[in-house]
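Asker: There's a structure below that I have some questions on.
The values are calculated or read from the model by the stated rules, or taken from the named source; none is laboratory data. On a predicted model such as this, the values are computed, not experimentally measured, just so you know. So basically every Cβ, Gly included, is an ideal-geometry build from the backbone, and we count neighbours across all protein chains shown.
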Amino acid sequence: MRALPAGLWDNVRAPVHRETQSVFLKGHAPALGLPDDPEQPALAACPYVRELLYGLLPGRPGKCLLAALRPRGIVYPHMDAANGYFVGSFRVHIPVFTNPEVRLYCNGRFFRMDEGEVWTLNNLAPHAVINDHVSEARVHLIFDVFPDAVAVAKVDAAPESPGEDDASLSARLSGTRPADAQVMD
């Protein structure tokens, strides 16, 4: 991540991501409406990311980005169901920098993801992120894989995390959205 120039970090993603900055390493932000998912020049500076993208799960890799959520930031509740892209793919999250005050919300449950863990996320379900740390950003490597049968079996065999209930965090997310929120990523 430190190999990437600060000028590459921007936010052209959907309004629900307004408190993030991101670098697309493969593909483009869906909000741009550009076809295909070409490798971006920044991917060359991240050989380990390239190795994960092409080797972690068998299948065709799709979009790949680093996403930083600012301290005290929120990725607002949303679903990535605006188009068929997400129906046939797995969304993979790998926390790069995180802290105990980050919670990912998905489909009614909250999850803590530790640095270096590999998670798949049902991004067709309602999801959000809260980073309550006062000074540390949360950075995830996020990428999509259009899996083959081996990848599907591998993900199906992984235990599902039970997550946790948190009424106070649920209340904070209830009705929380930017004024121009939309149901797309």
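Asker: Could you tell me whether Val96 is modelled with pLDDT of 95 or more, among the β-branched types (Val, Ile, Thr) and in a strand (DSSP E or B)?
Answerer: Here the answer is yes, as Val96 does meet what is asked.
Asker: Related question: Step by step: first the residues of segment 34-53, then only those that are charged (D, E, K, R) and not in a helix (DSSP H, G or I), then the one that is surrounded by the most Cβ atoms within 10 Å (Cβ to Cβ). Which residue is that?
Answerer: The extreme case among them is Asp37.
Asker: With (1) closer than 21 Å to Trp119 by Cβ; (2) within 17 Å of the chain's Cα centre (by Cα); (3) not in a helix (DSSP H, G or I) as the list, and Tyr85 as the residue in question, which single condition is left unmet?
Answerer: Unmet condition: (3).
Asker: Next question. Return the total of residues in segment 56-84 being touching a helix residue (DSSP H, G or I) at 6+ places or on another chain (Cβ under 7 Å) and more than 30 Å from Val134 (Cβ to Cβ).
Answerer: Of the residues in segment 56-84, 4 are touching a helix residue (DSSP H, G or I) at 6+ places or on another chain (Cβ under 7 Å) and more than 30 Å from Val134 (Cβ to Cβ).
Asker: Consider Arg60 carefully, then state whether it is out of contact with any Gly (no Cβ under 6 Å at 6 or more places or on another chain), charged (D, E, K, R), assigned to a strand (DSSP E or B) and touching a residue at least 40 places away in the same chain (Cβ under 8 Å).
Answerer: yes
Asker: Also: Give me the residue from segment 145-156 that is in a strand (DSSP E or B) and touching a Phe, Trp or Tyr at 6+ places or on another chain (Cβ under 7 Å) and, out of that set, surrounded by the most Cβ atoms within 10 Å (Cβ to Cβ).
Answerer: Ranking the candidates gives Val145 first.
Asker: Going by the structure shown, is Val16 surrounded by 15 or more Cβ atoms within 10 Å (Cβ to Cβ) and of a type in the set (Val, Ile, Thr)?
Answerer: Judged against the criteria, Val16 is a match.
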